[in-house]
Amino acid sequence: MTHLECSVCSKNFEAGRIWNLCDCGGPLLVRYDLARLRTEWNRDSLVASANSMWRYAPALPVRNQKCIISLGEGMTPLLHARRTGARIGANDFLIKDEGLNPTGSFKARGLSCAISMCVELGVKVLAIPSAGNAASALSAYAAAAGLEAHIYMPADVPQANFIECKAYGAHVTLVDGLISDCGRIVGERCKATAGQPGAWFDISTLKEPYRIEGKKTMGYEVAEQLAWTLPDAILYPAGGGVGMIGMWKAFAEMEALGWIGSKRPKMIAVQSEGCQPIVRAFEEGTEYSRFWDGASTVAAGLRVPKPLGDRLTLQAVRESGGTAIAIPDRELMDAGIQLASEEGIFAAPEGAACVAAVERLIRSGFLKADDKIVAYNTGSGLKYLEAYSVRFPRTAAGEADKLGGLITPR
Ligand SMILES: *Cc1c(COP(=O)(O)O)cnc(C)c1O
């Protein structure tokens, strides 16, 4: 790591210090001396590296390796979805299953990196607004690092997230509102304690520069797992869009390292019909998104009405020749259940939305039958039992014959 750079005005910031956003409000991105790294780091040496995302440590911001807080995040399986692929007409369809990460979602990657940087930079108290999984991951990594975590999440957050945070020992506040409301409250509390001992550090996605560095390892991994060729299309469930921005950054870094060529996948942002600011902005041809009123979807990670990373997400989608597509809740839940029964992969609704999107885009001709398509399942279905239980109600005694379920043993 050499420095940080504002993604909007290109102003530079010194490494080794605590930063949030640029003065202009733009998110900061970490920069590395890739020319030097290219001479020192060879992709073939990875076989001997950690079996986690920290195998890419030379392209991550932590300088003192003793500060790394790892629970085994990353190196998730890339699975061939053969039956689902055959049904929807995608002959080379793969699922990157991020549900196997610690705390059951890819959020573990971002927070492993960000918390490691907190340890390195001496940050002690963390605060986060979260739609769910980021809170779980922050709580787990803060516990592993021995740091204090303050969580603000919508009161209707999935039960798993609430219980995990409490079990990991975080301070949890439920907010009768959306993640945007939680973000505002965290911002105010951080400001109020700034400069004091025990000041709160805002670890909101993109408001601190290191979560995206962890998330970008999804891009390194897919390249390594496909023997250093990228697929034709990547479908990603975009809430904040940070995973997509991170992967796009990873591809540029790997090209600078001489690990891959200039070919890029079509980057496809998938949202839910009930909250689709990126899709609307893509269709309207605007640089930024507008706040999505009345955001509502079972895919909690996609309930982000005005993502801070909208501009960078839209850039990746457009530069790659990709697209943005919204799926209704009912259709993404159907796709999730079908995927589970066909492949043995129990996806989060967010990941299921990507499977539904592949089906639609094959039908529309945007994706071709022989394209190599990678869909990211960003979390485990086990974290969304309320959403799935609507489809699988337990039957009451007496209804067993009708619905097939409960029997009374004799
Ligand atoms: C947070 C989250 C998302 C959205 O991630 P971004 O990278 O911020 O777009 C998608 N799926 C799940 C399961 C999530 O927890």
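The values are calculated or read from the model by the stated rules, or taken from the named source; none is laboratory data. No experiment lies behind these values; they were computed from the predicted model shown. Cβ coordinates were reconstructed from backbone atoms using ideal geometry, including for glycine residues, and neighbour counts include every protein chain displayed.
Which one is farthest from Pro102 (Cα to Cα) among residues in the range 161-210 that are without any contact (Cβ under 8 Å) to a residue 40 or more places away in the chain and of a type in the set (Phe, Trp, Tyr)?
Phe162
From Glu120, Glu73, which residue is among the charged types (D, E, K, R), part of a loop (DSSP other than H, G, I, E, B) and in contact with a Lys or Arg (Cβ under 7 Å, 6 or more places away or on another chain)?
Numbers: Glu120 fails: part of a loop (DSSP other than H, G, I, E, B).
Only one candidate passes the filter, namely Glu73.
Taking the condition more than 30 Å from Tyr32 (Cβ to Cβ), at pLDDT below 95 and of a type in the set (Gly, Ala, Ser), does Gly195 pass?
It is true that Gly195 is more than 30 Å from Tyr32 (Cβ to Cβ), at pLDDT below 95 and of a type in the set (Gly, Ala, Ser).
Here is a list of conditions, (1) modelled with pLDDT under 95; (2) under 27 Å from Ile68 (Cβ atoms); (3) charged (D, E, K, R), and Lys107 meets all of them except one; can you say which number that is?
Against the list (1) modelled with pLDDT under 95; (2) under 27 Å from Ile68 (Cβ atoms); (3) charged (D, E, K, R), Lys107 comes up short only on (1).
Yes/no matrix, rows are residues, columns are (1) within 16 Å of the ligand (Cβ to nearest atom); (2) among the hydroxyl-bearing types (Ser, Thr, Tyr); (3) surrounded by fewer than 18 Cβ atoms within 10 Å (Cβ to Cβ); (4) closer than 21 Å to Glu73 by Cα:
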| site | (1), (2), (3), (4) |
| --- | --- |
| Leu111 | yes, no, no, yes |
| Pro129 | yes, no, no, no |
| Pro158 | yes, no, no, no |
| Gly169 | no, no, yes, yes |
| Cys182 | yes, no, no, no |
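For Arg391, only one of the following conditions fails: (1) at pLDDT 95 or above; (2) closer than 22 Å to Val157 by Cα; (3) of a type outside the set (Gly, Ala, Ser). What is its number?
Failed condition: (1).
Go through the range 261-276 residue by residue and tally those that are surrounded by fewer than 22 Cβ atoms within 10 Å (Cβ to Cβ) and either under 23 Å from Gly74 (Cβ atoms) or within 13 Å of the ligand (Cβ to nearest atom) (or both).
Residues in the range 261-276 being surrounded by fewer than 22 Cβ atoms within 10 Å (Cβ to Cβ) and either under 23 Å from Gly74 (Cβ atoms) or within 13 Å of the ligand (Cβ to nearest atom) (or both): 1 in total.
Given the conditions (1) within 16 Å of the ligand (Cβ to nearest atom); (2) surrounded by fewer than 24 Cβ atoms within 10 Å (Cβ to Cβ); (3) free of Cβ contacts under 8 Å to residues at least 60 places away in the same chain, and given that Ala137 satisfies all but one, which numbered condition is not satisfied?
All conditions pass for Ala137, except number (2).
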